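A short write-up of the structure that comes next.
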Amino acid sequence: MTDTSKMRRTEIADILKNPSIGEEVLVKGWVRAFRNNRFVALNDGSSFNNLQVVLDSDNMNQEILKSVSFHACIAVTGKLVESTGSGQTVEIQAEQVEILGANNLDEYPLQPKKQTMEFLRENAQFRMRTNTFSAVFRIRHAVAFAVNKYFHDKGFYYMHTPIVTGSDAEGAGEMFRVTTLDPKNAPTDENGSVDFKEDFFGKATNLTVSGQLQAEIGALSMGKVYTFGPTFRAENSNTSRHLAEFWMIEPEVAFADIYDDMDLAEDFCKYLINYILVNYPDDLAFLDKRIQDLEKNMKAELRRPMSLIETLKFVVENDFERITYTEAINLLRNSKPFKKKKFKFPVEWGVDLSSEHERWLVEKKFKKPVIVHDYPKDVKSFYMRMNDDDKTVAAMDVLFPGIGEVIGGSQREERLDYLKKRMNEMNIHEDELSWYLDLRKFGGTPHSGFGLGFERMILFITGMSNIRDVIPFPRTPGNAEF
């Protein structure tokens, strides 16, 4: 028998890619299933697929055999042979088994049966061990890699923007305060307000909602940059589409107008989706089947019109529909849901589109992703370029089926006088963003960019129904576990 103390572990993914029949191997992983006291489905996280291990239970140490339980961690040494069973091409005939981490099933929260998403969220320390979540988080990794590869190959520079900031890029005011002041004994100014001059940074600071404003600094010197990092929103919203901590991808491009921005957004989305279709077919196939199993007993009108993989391919293979906001409002007002008063939120020019309106445009009217552009200025941020009609701005949103908005972007206002006017209208003090105005004063140029909500893209690609299930440790109102 081989001296296992000197053997090096082989990852299961490598064995399945290039099986060397007859070779002695050492594998380590967690037990995904254990059948008939003999057959172990072992997974080490390197692949969606398990490796079957066949135990000689009659000649095996019975104490060790008792410890080979669901999600126990074991090391197996044995010979790689062709499998005679269905579902796998190779298997290991175990010669030696070592228990690396036993599992007491009487106390273990997860049992070898289906668990609800809510229960798995409550036990997030273990949920990556399930087939569903290991597939989701492998895909999350892959999309993150594809983000960086896409921009690197396109000549963009990766720029790290601050997490702690003194500016509110969105003007929403829903930000988390960052302070070292004692809340029970905070210094105050002559008006009785907290005197943040005594704080660590000498001013009021918050966790960022966006790296866009700082990314514009990079674009207006390096041409093309992007940020990819965590952002925060103190919005007390308990929906399946909102998180308090989430990741944003924000490219910023000099010499680009709104049409260049839309082209980049569409190409970027297609690249990310196609990367997963090509490189992670096993994980997608599993998630696709999971959705089909869930929808078996649903009414026909509640089921997805296409399977997950068909939907992803459809997005990649078709041009996104492009319409103005005004055209979108006209389509919605002429729709059956509007005429039958089925929309919950109002549909009128000047009101921002709600999720139900966005999904109708995508899922019912055009049946593919839609880019809506030229929004009313009053529903968009101060930095978006004013159009000639003085009513709309050069903004665009990319809408996907199932989730609505996945990207929001615009051509930025490069004209100093227009920008100052908008800031004044929105009560944004010039001295708070003097550095931002400087970008227009000294060597400014037309430029554009957008923000893509990373979790929303993962939600779409994986077909999961709740955004809390595509981030390892969700931060939501009342929940900051782990």
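Can you find a residue in region 189-199 that is part of a helix (DSSP H, G or I), touching a residue at least 40 places away in the same chain (Cβ under 8 Å) and among the charged types (D, E, K, R)?
Taking region 189-199 and keeping what is part of a helix (DSSP H, G or I), we get 196-198.
If we keep only those that are touching a residue at least 40 places away in the same chain (Cβ under 8 Å) too, we end up with none.
Within region 189-199, none of the residues are part of a helix (DSSP H, G or I), touching a residue at least 40 places away in the same chain (Cβ under 8 Å) and among the charged types (D, E, K, R).
Looking at (1) part of a loop (DSSP other than H, G, I, E, B); (2) closer than 22 Å to ASN104 by Cα, which is the one condition that is false for GLU63?
So GLU63 meets the others, but not (1).
Take region 74-107 and flag every residue that is outside any strand (DSSP E or B) and not hydroxyl-bearing (Ser, Thr, Tyr).
Correct list: GLY85, GLY87, GLN88, ALA102, ASN103, ASN104, LEU105, ASP106, GLU107.
Kindly list, by first and then second residue, each pair from a residue in region 92-110 that is of a type in the set (D, E, K, R) to a residue that is at pLDDT below 95, limited to pairs with Cβ atoms under 7 Å and residues at least 6 apart or on different chains.
GLU95/MET1
This table checks each residue for (1) modelled with pLDDT of 95 or more; (2) hydrophobic (A, V, I, L, M, F, W, C); (3) over 30 Å from THR445 (Cα atoms).
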{"position": "GLU190", "(1), (2), (3)": "no, no, yes"}
{"position": "SER193", "(1), (2), (3)": "no, no, yes"}
{"position": "ALA215", "(1), (2), (3)": "yes, yes, no"}
{"position": "GLY218", "(1), (2), (3)": "yes, no, no"}
{"position": "TYR226", "(1), (2), (3)": "yes, no, no"}
{"position": "THR239", "(1), (2), (3)": "no, no, yes"}
{"position": "HIS242", "(1), (2), (3)": "no, no, yes"}
{"position": "TRP247", "(1), (2), (3)": "yes, yes, no"}
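Checking the condition in a loop (DSSP other than H, G, I, E, B) and within 28 Å of VAL253 (Cα to Cα), which residue from GLU414, GLU405, GLU348, GLU432 passes?
GLU414
In region 271-306, what count of residues is obtained for those that are within 25 Å of VAL370 (Cα to Cα) and in contact with a Phe, Trp or Tyr (Cβ under 9 Å, 6 or more places away or on another chain)?
5
Which one of these does ARG322 not meet: (1) more than 29 Å from ILE139 (Cβ to Cβ); (2) part of a strand (DSSP E or B)?
(1)
Residue by residue through region 453-478, note down the ones that are assigned to a helix (DSSP H, G or I), within 22 Å of ASN279 (Cα to Cα) and either hydrophobic (A, V, I, L, M, F, W, C) or open to solvent by 30 Å² or more (accessible area, probe 1.4 Å) (or both).
PHE454, ARG456, MET457, ILE458, LEU459, PHE460, ILE461
Return the pair list, or none, for Cβ contacts closer than 6 Å from residues in region 428-443 that are more than 19 Å from ALA219 (Cβ to Cβ) to residues that are surrounded by 11 or more Cβ atoms within 10 Å (Cβ to Cβ), at least 6 apart or on different chains.
From region 428-443, the pairs are ILE428/PHE382.
For every residue, the table says whether it meets (1) touching a helix residue (DSSP H, G or I) at 6+ places or on another chain (Cβ under 8 Å); (2) under 27 Å from GLY409 (Cα atoms).
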residue: PHE119; (1), (2): no, no
residue: ASN123; (1), (2): no, no
residue: ILE139; (1), (2): yes, yes
residue: ALA142; (1), (2): yes, yes
residue: ALA146; (1), (2): yes, yes
residue: HIS152; (1), (2): no, yes
residue: GLY155; (1), (2): no, yes
residue: ASP199; (1), (2): no, no
residue: LYS203; (1), (2): yes, no
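Any residue at all in region 179-186 that's in a loop (DSSP other than H, G, I, E, B), in contact with a strand residue (DSSP E or B) (Cβ under 7 Å, 6 or more places away or on another chain) and crowded, with 16+ Cβ neighbours inside 10 Å?
No: zero hits.
Being under 20 Å from LYS336 (Cβ atoms), surrounded by fewer than 23 Cβ atoms within 10 Å (Cβ to Cβ) and at pLDDT 95 or above narrows it down to one residue among LYS365, LYS391; which is it?
The match here is LYS365.
Can you pull out every residue in region 304-319 that is surrounded by fewer than 14 Cβ atoms within 10 Å (Cβ to Cβ), assigned to a loop (DSSP other than H, G, I, E, B) and of a type in the set (D, E, K, R)?
Answer for region 304-319, where residues must be surrounded by fewer than 14 Cβ atoms within 10 Å (Cβ to Cβ), assigned to a loop (DSSP other than H, G, I, E, B) and of a type in the set (D, E, K, R): just ASP319.
What are the residues in region 12-40 that are within 33 Å of the chain's Cα centre (by Cα) and over 11 Å from SER69 (Cα atoms), if any?
ILE12, ALA13, ASP14, ILE15, LEU16, LYS17, ASN18, VAL27, LYS28, GLY29
Would you confirm whether any residue within region 280-288 is part of a helix (DSSP H, G or I), modelled with pLDDT of 95 or more and open to solvent by 90 Å² or more (accessible area, probe 1.4 Å)?
There is no residue in region 280-288 that is part of a helix (DSSP H, G or I), modelled with pLDDT of 95 or more and open to solvent by 90 Å² or more (accessible area, probe 1.4 Å).
Which of the residues that make up region 435-452 are more than 27 Å from SER237 (Cα to Cα), small (Gly, Ala, Ser) and assigned to a strand (DSSP E or B)?
Listed by number, the list holds a single entry, SER448.
Of the residues that sit in region 28-64 and are modelled with pLDDT under 90 and open to solvent by less than 60 Å² (accessible area, probe 1.4 Å), which one is nearest to GLY87 (Cα to Cα)?
Looking at the filtered set, the residue picked out is SER57.
The values are calculated or read from the model by the stated rules, or taken from the named source; none is laboratory data. These numbers come from a predicted model, not from an experiment. Don't worry about glycine lacking a Cβ; one is built from the backbone with ideal geometry, like all the others, and counts go over all protein chains shown. These area figures cover heavy atoms from the full protein model, side chains too; ligands, DNA and RNA do not enter into them. Shrake-Rupley method; radii C 1.70, N 1.55, O 1.52, S 1.80 Å.
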